[in-house]
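Heads up: the structure comes next, in structure tokens.
Nothing in this text is a laboratory measurement; each read-out follows from the coordinates by a stated rule. Nothing here was measured: the structure is a model prediction, and the numbers come from that model. Here the Cβ positions follow ideal geometry from the backbone for every residue, glycine too, while neighbour counts run over all protein chains shown.
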Amino acid sequence: MSERRTSFFDTKIEFLKGVGPTKAELLNKELNIFTYGDLIEYYPFRHEDRTEFHRISELNEAMPGAQIKGRLRSWERMGEGHKERLIAQFTDGTGIMELSWFQGITFLEKTLRLQGDYIVYGKPTSFNGRWQISHPEMDVLTAENERGGYFQPVYSLTDKIRKRYVDSKQISRWMKTLLESAVQHIHETLPKPLVQKFRLISKQEAIYHIHIPLNFEALKQAKRRLKFEELFYNQFRLIKQKLITRETYAGQVFTKTQLLTEFYQHHIPFDLTGAQKKVIREIFEDLRSGKQMNRLLQGDVGSGKTIVAFITMLLAIDNNAQACLMAPTEILSDQHYTNLKRFADLIGIKIAELTGSVGKKARRAISQGLEDGSIHILVGTHALLEDYVQFKNLGLCIIDEQHRFGVAQRAKLWEKNQNFRPHILVMTATPIPRTLAMTLYGDLDVSVIDELPAGRKPIKTIHRYDSDRLRVFEFLRSEIMKGRQVYVVYPLIEESETLSFKNLMDGYESIARAFPEYALSIVHGKMGWKEKDYEMQRFKNKETQILVATTVIEVGVDVPNASVMVIESANRFGLSQLHQLRGRVGRGAEQSYCILMTEYKIGKETRTRIETMVRTNNGFEISEVDLSLRGPGDMAGTQQSGMLDLKVADLAKDGEILKYAREAAMEILENDPDIQSPENAPIRHHIQNLRNNETNWSRIS
Ligand code: ADP
Ligand code: MG
């Protein structure tokens, strides 16, 4: 809270009327609430609309929740053991409905009454023409609640604390008590001009209405204000960090372009796309600026990031620096090494690869070459981070697939040059929605390759049911007869490795039976690295026509002649995974296809995923849908990022607010970088407070 000198918000929670030491301990342990400040910032994650009452005769499935006044007619225990439940008949005079509970049955049996009215609240569902609510909230009708007209905040609670009779209503009561004395201590945390420009309600009002909303509009405004504030400070921190890095760390200045010009004029195998040229310009500007670069390069599968990486490396080498590229897996490292070596050989520069499987002797040779400067480019896995890997003058680090590397690892790369931090380029082929990129990588500058090389035919994506398999096989045969090759991918079944394997083997056998005239390759997780490589090579050399695999082929496979990707049990794959897999085809000049196989019966979410895949090849569009389906917490790479513990904002929905908040933060930092102006005093104080909170002693005692 924005409360300085005075310590009102630091008051221990046990001193709040009605809490006391026992409940306080529970709040400490279960909800991490230690002080008044903690409680007041314990925002509800949703609100139940208790403004109106509904009649049983008027219920419909679309209602997120219904509130009904009525009486219990009877109840009985049914089922046994696990399936035991309590079913009650409830009526309001317009109809009868069922209420059911699976937990707390004994307690309910003791407390439920046939006399007197109740208010029941929950999500109504209809079963065999009868309305039911499972685990409804039950309140005895009182003078206080009989008129409805309010929103019930719902706080996230643990099972333990619930068992001790602390529910959302109890939290609400404490909150009301606290707010009575707290409101006057709440200070504005945003500068006045911002509050006015974005028509935000004050911090005081917002805190009040998030916990005790007067009406729908007040609640809406409270959320908007708190989201804005949260995202504003999120962006403020990131942008500030970026500015500090930029001011503090000088970068080597790369201006000479001899090799680069030679490569560009005589060796480059194709014309760069406009998007490739654009990002190369952006990168070059950084590398000439004298500041250390920290840039994210986003580009869909096949958009041509490798050549951009290589050209950037050439610029470093032209200026007596070395470059390294770090990949998350050995397969991917190999792939990069092979691709880059082709270019490097054209122009006579030396490239080496370092992974966990490089032997001691070879390692020593690499070490030597790096230290004397004879190796210009090093490609590899985490092995690059080892302390013994030292360079003569490392000038550029390219990190592929950032989301698997932490910031700590980026820092390790910085330390590999004592004089200048190397420039950092992070490449990702997993398109991330703009909102996520802003919060995950807000401290990086972003370049996007948003165009595929010309002449590429968009991949046609088709959904087929398992019952169509014969037709699909016919199609595969016709493609193979044209000289093409085919991937068939099976899911990894997380629950059971054995089951995954069986699934794959069954599939393999049925394909082998259906295509006796063709040779098959198989690649799966149980195979050793050499075996996999052998099988992949056979496929690459066109000795086999069909490659059957589990998802191991997701990364690092480049066979331009393969034109069909069949994904079995496509419902088991996430959207971004499906998109990555599809990216394995469409690499040659021929029309490519992606066939998504599922059972006939699929759920709503699966249907959305499949339809999205069929509709678009655009990775960014797909990532937006993915975000809206799964929420930011489940997206690739967000789990380990502390930046996403947002309390009120939802990155899937609040993109617009984020955009404004970011612009506002940028503008303020541009005009008043040290936050000295009186008008920005609220920011200064708030940040000071956040800092104080980080060492909050009440948590330690
Ligand atoms: P990414 O790493 O972004 O998925 P790659 O760099 O592997 O993509 O490029 C995919 C394929 O497209 C490669 O075979 C590459 O040689 C080719 N390629 C890249 N840029 C162009 C271009 N401008 N014109 C034609 N082909 C290109
Ligand atoms: Mg690539």
>> Ranking request for peptides 461-471, 24-34: highest mean number of other beta-carbon atoms within 10 Å first, then the rest in descending order.
In response: 24-34, 461-471
>> I'm a student and want to see the number: the projected area of the Cα convex hull of the chain, averaged over all directions, in nm².
In response: 37.3
> Hey, rough spin-label estimate for Asp672 and Lys604, points 7 angstrom out along Cα→Cβ, what's it come to in nanometres?
Replying inline: 4.7
>> Given a Förster distance of 60 Å, report the FRET efficiency between Arg147 and Ser467 from their Cβ-Cβ distance, rounded to the nearest 0.05.
In response: 0.60
>> Quick check on region 460-616: take the gyration tensor over C-alpha atoms, sort the square-rooted eigenvalues as a ≥ b ≥ c, and tell me if it's rounded (a/c under 1.5), prolate or oblate.
In response: rounded
>> 5 Å is the cut-off here: which amide hydrogens, built 1.01 Å from N in the peptide plane, fall below it relative to Arg46, excluding neighbours closer than 5 in sequence?
In response: Val154
>> What distance in nm separates the two pseudo spin-label positions at Phe198 and Met481, each 7 Å out from Cα along the beta-carbon direction?
In response: 6.2
> Taking the simple approach of a point 7 Å from Cα along Cα-to-Cβ for both Leu214 and Phe45, what is their distance in nm?
Replying inline: 3.0
>> Report the gain in length on full extension from Glu262 to Glu543: 0.36 nm times residue separation, minus Cα-Cα distance, nm rounded to one decimal.
In response: 97.4 nm
> Among 57-64, 414-421, how do they line up from the highest to the lowest mean number of other beta-carbon atoms within 10 Å?
Replying inline: 414-421, 57-64
>> Please rank Val183, Val120, fewest neighbouring Cβ atoms within 10 Å first, as an exposure proxy.
In response: Val183, Val120
> If you stretched the chain out fully between Glu80 and Met527, how much longer would it get, using 0.36 nm times the residue separation minus the C-alpha to C-alpha distance?
Replying inline: 156.3 nm
> Near Lys110, which lysines are there with a Cα under 26 Å away, not counting those fewer than 8 places off in the same chain?
Replying inline: Lys23, Lys69, Lys83, Lys123, Lys160, Lys163, Lys169
>> Once each part is reduced to its C-alpha centroid, what is the distance from region 174-207 to region 443-480 in angstrom?
In response: 52
> What share of the DSSP beta bridges in the chain is antiparallel, in percent to the nearest 5?
Replying inline: 40
> In region 90-241, what % of DSSP beta bridges are antiparallel (nearest 5)?
Replying inline: 75
> How do the peptides 168-180, 103-115 rank, highest first, by the average count of neighbouring beta carbon atoms within 10 Å per residue?
Replying inline: 168-180, 103-115
